[in-house]
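Here is the structure we will look at, set down as C-alpha cells.
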Amino acid sequence: MLENVDLSNIQDENARQLIVQLLNLVEALSADLRDAQAEIQRLRDEINRLKGEQGKPKIKANTPKPAQVDYSSEKERRKPKPHQKRAKKATLTIHREQTLEVDKTGLPPDAEFKGYENVVVQDLVFRADNVCFHKEKYWAESTGRSYLAPLPLGYEGQFGPGIKALSLTLYFGGKMSEPEILGLYENIGVQISAGQLSNLLIKRQEGFHAEKAEVCEAGLRSSPWQHIDQTSTRVDGQNQHCNIVCNPLYTVYTTTPSKDRLSVLDVLRNGRERRFRLNEEALGYLASTPLSKATRSWLSAECRDQDWEEKAFVRRLDTSWPSLSVQQRQAILSAAAVAAYHAELSTPVVRLLLCDDAPQFNWITEVVALCWVHEGRHYKKLMPVFVHHLHLLSDFRKQFWDFYDELSAYQQQPTPEESARLDAEFDRLFSTCTGYAALDARIAKTRAKKASLLMALKYPEIPLHNNPAELEARQRVRKRDVSFGPRTQDGVKAWDTFMSLAATARKLNVSFYEYIHDRVSKSHQIPALARLIEASASERQLGASWSVAPLTPTY
C-alpha cells in the first residue's frame, strides 16, 4: 500500500503535496516509535538491574538489515585495485645457513654436481634462556670493601631484557591480557608471578615516558594539522577519556579525567602547566556566552597581554565573581586558555584539527576540517519506511559519495578552476530538496558545515576523513576489551606511553619488539623515535601549502 506509493503517477499537485506531508508524518512517527521502544527497553533493563536481575541480552540477528546496523561507508569509498602479490622472502633476514647433501649411495655413476638450489624456510626459536652469572668478587684489605662484577646491561632484577621486552610487546603491542602472558611463560618454563609481571609492565618506566613526551612534541611540530579523536577509558572503575592525536608519522594516547576543551588543550600542549590570558581574542570567544554586563566590563578591564598561572587565575575569578554558574565559569576558563595557547611562541601551536563536530574541538585551532565519513554516516542512519523515500535516500547517497570522489581526485591535481567548480557543486548538491523531510533536514545540516567540509580545497594535503584517529581509537577499545582498564596512575601512564610508542613505531616501520629490546638492553642502536619523526617530516612535507602567517582567531 503506502510503502510502495509512486508519486510520479499523481497529476494533481495539491493531492501530491498532501501525500508527501502524510508520508513525512508517518516517517516521523515511525522514528519516534523506534526511539520510544529503545528507551522502554533501556528502562526495563535498568529496573531489572536494580532488582538484582539481568537485562535483555544484546544478541545480533542472523540476517540484520544493513540500514539498521551497518553504518560503514567502505563500499562507497573503496575503489578496486589490481592485486599485486608482495615478495615477502626477498626482504627476509637470513639468520643461519645449512648445507644439505644428497645421499650419495643412491646416485647413478654418471651424476654430475650442478651447484645448490636455495630454499628459504621461516621458523622461530622460542624457549627459556635462564642464565646463571658467576660474578667475580674481590676483597681489598686496604679499602675495606668488596669489588663485584656488574651484571650485563638490561639484566637488572630477576629477569633479562628478553622477558622484559616480550612482556611489553605482548601486552601493549599484541593486546594480550596478563593471565594469558603468564600462561605462555609457564608453558616454556619461565617462573614469574602475576605481581612481578605487573611491575615489569608499569613500574620504573621513566625512560619510556620521556621518549613518549618527545614523540608528542616532534609529532606536533611535524605538521600544522593533526587528527584528533576521543574514546572512553575506565581507570580503577571510573570513567575517563582517552585522547588520540596523530598524523601519518606518529600517534599519541593521553588519558584525561574529562573530555572538555581544557583537556584537549592539555593534550595539544603535551601536558605543560595550564596558562590563561584575557585579551580581545578571549572576549571574542565569549561574545555568545550569556554573561552579565558587569561581568563583561570586568573582563574587559582585565584585558592585557600577559599570562596567568592556573591557581592565580582561578582564585581571581572566584574572588571577583563567585556567583558565576558552572557553565559561565567554564566558558571563561576555556576562552582564556585558548587565547594563551594561541599566544605561545616556544611550543608548537596546531593550526587545523581534523575531527568530528564535537563542541570541545571548537575555538582551539584557526580552522577545523570535518570528517566526510562522519557526515556520510548520518545519512546511512536514516531508516525510511516507504520505498519512495528509500529510493530518494539511495540516489542522494550516491551523489554524496560521487562528490567525495571528485574531492579526492582534486587532491591529486589541485587547480583554482577545479576548486571553484567543486565549491559551486557543493552548493548545488546540498541545496537539493527531495520532499523527504528527514533527508532534507540532514542535507541542510551538511550545507551549514560547508567551510569545514571543504577545507581540503584550500589545503589539499589534509585527508577527507578522520579514519586514522578512529582506527587508533579502536586499538584502545580492543585493549580495553581484553584488559578492562588500568587501576593506578602508573598503569594509566604505561597504557598511554606504550600504546603511543607501539603505534608510532609501526608508522615509522620500526619493529616495536626490537625497539623495546634495544631500550631495555641499553644498547640504543635504534634512533630516538622523535628524531625519526623529524627526519620523515622534512621528507613528507605534511604542511606544504600552509603559510607561516600568525593565527587568525575564528569566533
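The values are calculated or read from the model by the stated rules, or taken from the named source; none is laboratory data. Keep in mind it's a predicted model, so treat the numbers as computed, not measured. Glycine also receives a Cβ, built like all others from the backbone with ideal geometry; neighbour counts cover every protein chain displayed. For the accessible areas, the whole protein counts, side chains as well, though only heavy atoms, and no ligand, DNA or RNA atoms are used. Shrake-Rupley method; radii C 1.70, N 1.55, O 1.52, S 1.80 Å.
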Practice task
Over the residues of the stretch 273-408, compute the C-alpha Rg and express it relative to 2.2 N^0.38 Å.
Solution key: 1.50
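Which shape class, rounded, prolate or oblate, goes with the stretch 204-246 when its Cα gyration tensor gives a ≥ b ≥ c as root eigenvalues, a/c under 1.5 marks rounded, and past that a/b bigger than b/c marks prolate? Please list the in-between numbers first.
Working: a/c = 5.65, a/b = 1.26, b/c = 4.48.
Judged from the Cα gyration tensor, the stretch 204-246 comes out oblate (a/c at least 1.5, b/c at or above a/b).
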Completion exercise
With the charge dipole of the stretch 408-555 built from beta-carbon charges (+1 for Lys and Arg, -1 for Asp and Glu) about the Cα centre, the Cα from A502, Q541, A424 projecting farthest to the positive end belongs to A502
Completion exercise
To the nearest 10 degrees, the tilt of helix 489-507 (Cα long axis) against the first principal axis of the alpha carbons of the chain is 90
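Rounded to a whole number, what % of the accessible area of the stretch 249-340 do carbon and sulfur atoms account for, probe 1.4 Å?
Working: 2150 of 4330 Å².
Carbon and sulfur together cover 50 percent of it.
Per residue, how much accessible area does the stretch 457-532 show when a 1.4 Å probe rolls over the protein heavy atoms, in square angstrom? Could the numbers behind the result be given before it?
On the way: 3390 Å² over 76 residues.
Per residue, the stretch 457-532 has 45 Å² of solvent-accessible surface.
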Problem - Farthest positive-ward along the stretch 348-449 dipole, Cα basis, beta-carbon charges - from Y436, C355, T415 - result: Y436
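How big is the charge dipole of the stretch 198-264 about its Cα centre, in debye rounded to the nearest 20, if each Lys and Arg gets +1 on its Cβ and each Asp and Glu gets -1 on its Cβ?
Values: 7 positive and 7 negative charges, 22 e Å.
Rounded to the nearest 20 debye, it is 100 debye.
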Completion exercise
From the Cα centre of the stretch 157-194 to that of the stretch 246-277, the distance in Å is 32
Completion exercise
Amide H contacts under 5 Å for L354, restricted to residues at least 5 apart in sequence or on another chain and with H modeled in the peptide plane, are Q226, H227, I228, A369
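From the P(r) of the chain, can you give the percent of Cα pairs sitting at distances over 32 Å? Let's see the in-between values first.
Numbers: 95955 of 153735 pairs.
Distances greater than 32 Å cover 62 percent of the Cα pairs.
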Exercise for the section: For n ≥ 4 DSSP H runs only, could you compute -39500 (n - 2.57) per run for the chain, divide by its residues and tell me the 222 nm figure to the nearest 500? Expected result: -15000 deg cm²/dmol
Fill in the blank from the handout: For the chain, averaging the sequence separation of alpha carbon pairs under 8 Å that lie six or more residues apart and dividing by its residue count, the contact order in percent is 23
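For Q489 and A409 in the same chain, what is the full-extension length gain: residue separation times 0.36 nm, less their Cα-Cα distance, in nm? Could the numbers behind the result be given before it?
Working: separation 80, 0.36 × 80 = 28.80 nm, distance 4.64 nm.
Stretched fully, the Q489-A409 segment lengthens by 24.2 nm.
Could you please state how large a percent of the accessible area of the stretch 356-410 is carbon and sulfur, counting protein chains only and using a 1.4 Å probe? Each step should come with its number before you reach the end.
Numbers: 1160 of 2040 Å².
C and S fraction of accessible area: 57 percent.
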Problem - Accessible surface, per residue, of the stretch 346-389 when the full set of protein chains is kept, probe 1.4 Å, Å² - result: 29
Completion exercise
Scoring the stretch 327-485 by relative contact order with C-alpha pairs under 8 Å, at least six apart, yields a percentage of 26
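For L390 and V102, compute 0.36 nm times the residue count separating them, minus their Cα-Cα distance, and round to one decimal in nm. Intermediate results must be reported in sequence, preceding the final value.
Values: separation 288, 0.36 × 288 = 103.68 nm, distance 7.08 nm.
The L390-V102 span can extend by a further 96.6 nm.
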Problem - Lys, Arg +1 and Asp, Glu -1 on Cβ, resulting dipole of the chain about Cα centre, debye, nearest 20 - result: 920
Handout entry: Modelled FRET efficiency - R0 25 Å, R44 with A448, Cβ distances, 0.05 increments
Key = 0.10
Problem - Leading residue at positive end of dipole, the stretch 268-391 (Cβ point charges), from Q328, P384, A369 - result: P384
Handout entry: Heavy-atom accessible area per residue - the stretch 216-263, 1.4 Å, Å²
Key = 29
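List the GluC sites (Glu not before Pro) within the stretch 251-319 that DSSP assigns to loop and that have no more than 13 neighbouring Cβ atoms inside 10 Å.
Numbers: sites: E273, E280, E281, E302, E309, E310; in loops: E273, E302.
Counting only loop positions with at most 13 other Cβ atoms within 10 Å, the GluC sites (Glu not before Pro) in the stretch 251-319 are E273.
Please report the carbon-and-sulfur percent of the accessible area for the stretch 416-503; probe 1.4 Å, protein heavy atoms only, DNA, RNA and ligands left out. Before the final figure, lay out each step's value.
Values: 2080 of 3790 Å².
After summing per-atom areas, the C and S share lands at 55 percent.
Under a Cβ-only charge scheme (Lys and Arg +1, Asp and Glu -1), can you give me the dipole magnitude of the stretch 154-294 about the Cα centre, in debye to the nearest 20?
Here the size comes out at about 440 debye.
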